[in-house]
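Q: Just passing along the structure, written as structure tokens.
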Amino acid sequence: RALPAAAAMQRALRWRAAAAPPAATPPKDKGAAKARPLCLSDREARKLVVRGREVPVEPGFWEHVADEQSVRDAEVYRNNTENYIGTVKYPVGVIGPLRVNGEHSNKEYIVPMATHEGALLASYDRGAKAITEGGGVTCRIKGRCMLRAPVFIFKNISEATDFYRYADSAEVKAAVSEVLNTSLNHVTVTHLRVFQTDRKVHISIGIDSADAAGQNKVTYAGDIVMQYMQEKYPGKIPEMYIEGGFNSGKRVSIIHSLLGKGHSVVADVVIPYDVVTRVLRTTPYRLQRFQKMHNRTNEFIGGISCTAHAANGLAAFFIATGNDPACVAESQAAVTHFDVEWVDGEKDLTKCNLYASITMNSLIVAAIGGGTSLPSFHAARSMMGVTSANEIAEVCAAVVLAGELSFYAAMESGEFSHAHWSMTHKS
């Protein structure tokens, strides 16, 4: 019988409680602790009090942070934000229409993006125009999984290798997968990968958590795996921890760029010669030549993400849609590729089209959970009419590719500096 996540975690932690030293004698009860208010901002008294200390704020604080609606809605945020004081208002714009031809997305989208960087949305909007006039971007999802990697530490490499061989056996992997699949709701185990580094063994757990990002669920799964190993492994495990760093959470990593984390998405588009010259104001040959030079330089300096500025679009999209902005660190590890596309086999650089693609193997987005249900994020996301995390992932990849097209075009054509100046100095 599948257990609720919290119950499964409690069950997984019982062995720790049994092995833990006796707790210190608690102090005498001095009465129930005073409940902290849902919002620390007192609008009536015009006071912000944090741990008994009044914090000085300027008058605008009560109109722009602890405004009437933000304070009234404090209950809405109680599970998302501790020590809540109000909200900040982040500017949101839109780009589009952006045509996406995916397996989960097949229409033109108006996409919300939150940023205070002038010229950014104008650039993404131009890329969206070029894509849509070219017939739209094709998107495919190769897989999806969220990861957690508990670490098991032994006295020496001999003991660690014995455990590695045990944990990496087909029988143990099958048994662990069955326990996880029956213990947690809405979770399917995608893989268990075992790695040994000196006397440490890391078990990378991959789960598919449907429309949720899955960071919490995979953490519960990690605790269950630790309990299983503690009870079933015939040897002794001196130390174990829920994460040993192999998961590389919210950090860019080559392993996730190759093996995947979150959604693994590929997207491409062919843009006709006349659209490239008219909308992007360059040519397919010059644009792909510049992009390849840019990528080769990035490889030379040791960059992992071979893109122009994927993080810009991801951050703006994540903030507007309620996805975790910290996941931009992992999600921006991508590869952009431009090439010429010959027309009717004729190798004529004055008639060729532009082929553009992006590979994003660690795109972490969700349609439920976390901040996705908070009022402003839900309202902004509603304009896209998206219904699943897969659809969001396909749209997100298309947005990033739009930004790559426009950025490289502005650089190659020499318009980059002038565009920024004119867009950010309108008055």
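The values are calculated or read from the model by the stated rules, or taken from the named source; none is laboratory data. Please read all numbers here as calculations on a predicted model, not as lab measurements. Positions of Cβ are generated from backbone atoms using ideal geometry, with glycine treated the same way; all protein chains shown enter the neighbour counts. The protein model used for the area step is the full one, side chains on, heavy atoms only, and it has no ligands, DNA or RNA in it. Shrake-Rupley method; radii C 1.70, N 1.55, O 1.52, S 1.80 Å.
Q: Counting only protein heavy atoms, what percent of the accessible surface of the chain is carbon or sulfur at a 1.4 Å probe?
A: Whole-percent figure for carbon plus sulfur exposure: 54.
Q: Sort ARG148, ARG286, ARG281 by heavy-atom solvent-accessible area, probe 1.4 angstrom, most to least.
A: Listed by decreasing accessible area, they come as ARG281, ARG286, ARG148.
Q: Next question. Is the C-alpha gyration tensor of region 270-375 telling us rounded, prolate or oblate? Criteria: a/c under 1.5 is rounded; beyond that, a/b larger than b/c is prolate, otherwise oblate.
A: Cα axes put region 270-375 in the prolate bin.
Q: What number, rounded to the nearest 500 deg cm²/dmol, is the helix-based mean residue ellipticity at 222 nm of the chain, given -39500 (n - 2.57) per DSSP H run of at least four residues and division by all its residues?
A: -11500 deg cm²/dmol
Q: Here is a further query. FRET efficiency for ASP162 and LYS347, Cβ-Cβ distance as r, R0 = 60 Å, nearest 0.05?
A: My answer for the efficiency is 0.50.
Q: I want to verify a result. In a Gaussian network model of the chain, Cα cutoff 10 Å, which of these has the top mean-square fluctuation: CYS39, CYS139, CYS306?
A: CYS39
Q: Pick out which of GLY96, GLY322, GLY303 has the largest mean-square fluctuation in a Gaussian network model of the chain, springs linking Cα atoms closer than 10 Å.
A: GLY303
Q: If you wrap region 73-231's Cα atoms in a convex hull and average its projection over all directions, what's the area in nm²?
A: About 14.8 nm², averaged over all directions.
Q: On a C-alpha basis, how far is the centre of region 166-232 from the centre of region 242-299 in Å? Whole number, if you could?
A: After rounding, the separation between the Cα centres reads 31 Å.
Q: What fraction, in whole percent, of alpha-carbon pairs in region 56-117 exceed 17 Å separation?
A: When every Cα pair of region 56-117 is considered, 61 percent fall beyond 17 Å.
Q: What residue among ALA122, ALA333, ALA170 shows peak mean-square fluctuation when the chain is described by a Gaussian network model with Cα springs under 10 Å?
A: Residue with maximal mean-square fluctuation among ALA122, ALA333, ALA170: ALA170.
Q: Over region 182-294, consider all pairs of different Cα atoms and compute the Kirkwood hydrodynamic radius from their mean reciprocal separation; express it in Å, one decimal.
A: One decimal place: 18.0 Å for the Kirkwood radius.
Q: Still on this structure: Any idea of TRP62's accessible area? Nearest 10 Å², probe 1.4 Å.
A: Only protein atoms counted, so the area is about 10 Å².
Q: Another question about this same structure. Find the relative contact order for the chain and round it to a whole percent, using C-alpha pairs within less than 8 Å whose residues are 6+ positions apart.
A: Across the chain, relative contact order equals 19 percent.
Q: With every protein chain present, what is the per residue accessible area of the chain (1.4 Å probe, Å²)?
A: Dividing the accessible area of the chain by its residue count gives 50 Å².
Q: Right, something else. How large is the convex hull of the Cα atoms of the chain per residue, expressed in Å³ as a whole number?
A: Per residue, the Cα convex hull of the chain comes to 204 Å³.
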